[in-house]
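Student: Take this structure first; my questions come after.
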Amino acid sequence: MSNNSLTLEQCKSLLRAISDHGSRSAKATDHALVVCLLMCGADARTWTWQDALANPIFQPFAVYEAIKNIAITKRLSIFPYNHSNFKAAHWINSTVRLQQAVFSVGAKPLTTQEVTRRLKRYGKLAGIPAGLMNLRTLANSHHLYLDVFGDADSFAEALDLIRFGSEVACLSPFFKKDSPKQEPRLHGLGRRSFMRTA
C-alpha cells in the first residue's frame, strides 16, 4: 500500500476549492464524493442509493449531510434525505432507482479515472501536487485519520465539516436570499381549526 496521504490542511484546501470553484451541482456532488471517500474509504465511490440508505443513523454526520445535499440539489425524494419542507409537487425528479449510483456519470458509477480527473482539477486550484490527487491517496488518508482520531465524526470536526449554521440551509431549493414578506391580509388563510366546537 502506498504511503501517500493528504495533510489535514490539504484536505481542507481540497474541500475549499470545490466550494469556491465548483458549479452548484458540483458543490454538492464533488463535495460529497470527497467527504465520503475521506470518511468512509474507497468503497464510497460505487455506493448506490440503496447503500446510502442502508444505515443512515450510523453514518458519520458529515456523510449524511453531504448525501442529503446531493438529494436536495438533484431534487430527489429519498427519505431520509428529503428536505424538512419537502412537498412532492415542488420536486422535479420525484423518484430515483435505489440501484442507481450516488456518484455517477449518466447511469454508470464514476470510474477511478473519473475520480482522479476531478481530484486533479480541484487539487490544482488548491495547490496540491498532482501526484497526490487520486483515489488511493484519499483512501490512505481515510485510514490514517481514522487511526489518528478514532472515528469519522472526530475527523470531520477536525476538517471543520460539522457546522450548525445557515450553510446547509442555503443549499435547500426553497431557500431565497430575499424572501418576500407575506401579504398581511393572507395571514391565517387555510389555518382553520379541525376541532369542532359544541
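Student: Can you pull the accessible area of Arg136 for me, 1.4 Å probe, Å² to the nearest 10?
Tutor: 120
Student: Counting only Cα atoms, I'd like the Rg/Rh figure for region 101-140, Kirkwood definition for Rh. Mind dumping the intermediate values first?
Tutor: Values: Rg = 10.8 Å, Rh = 10.6 Å.
Reported Rg/Rh (Cα atoms, Kirkwood Rh): 1.02.
Student: For a 18 Å ceiling on Cα separation, which of these pairs sit above it: Lys68/Lys108; Lys27/Lys108; Lys74/Lys120; Lys27/Lys68?
Tutor: Working: Lys68/Lys108 20 Å; Lys27/Lys108 20 Å; Lys74/Lys120 24 Å; Lys27/Lys68 13 Å.
Exceeds cut-off: Lys68/Lys108; Lys27/Lys108; Lys74/Lys120.
Student: Under the definition of Cα pairs under 8 Å and six or more residues apart, what whole-number percent is the relative contact order of region 22-68?
Tutor: Working: 21 pairs, mean separation 22.5, N = 47.
In percent, rounded to a whole number, it is 48.
Student: Could you report the accessible area of Val105 in Å², rounded to 10, computed with a 1.4 Å probe on the protein chains as they sit in the structure?
Tutor: 80
Student: Further, regarding this structure: Take Glu157 and Ala107, extend 7 Å from each Cα along the Cα→Cβ direction, and tell me the distance between the two endpoints in nm.
Tutor: My value for the distance between the label points is 4.4 nm.
Student: Using a 1.4 angstrom probe on the protein heavy atoms only, line up Asp147, Asp153, Asp30 by accessible area, largest first. Walk me through the numbers on the way to the answer.
Tutor: Numbers: Asp147 130, Asp153 65, Asp30 15 Å².
The ordering from most to least exposed comes out as Asp147, Asp153, Asp30.
Student: Under 10 Å from the Cβ of Gly22, count the other residues' Cβ atoms, weight Lys and Arg +1, Asp and Glu -1, and hand me the total.
Tutor: Values: positive: Arg24, Lys27, Arg118, Arg121; negative: Asp20, Asp30.
Neighbourhood net charge equals +2.
The values are calculated or read from the model by the stated rules, or taken from the named source; none is laboratory data. Values in this document were obtained by computation on a predicted structure and should not be read as measured data. A quick note on method: Cβ atoms are made from the backbone with ideal geometry, for glycine too, and the neighbour counts reach across all protein chains shown. With ligands, DNA and RNA removed, areas are computed over all heavy atoms of the protein, side chains included. Shrake-Rupley method; radii C 1.70, N 1.55, O 1.52, S 1.80 Å.
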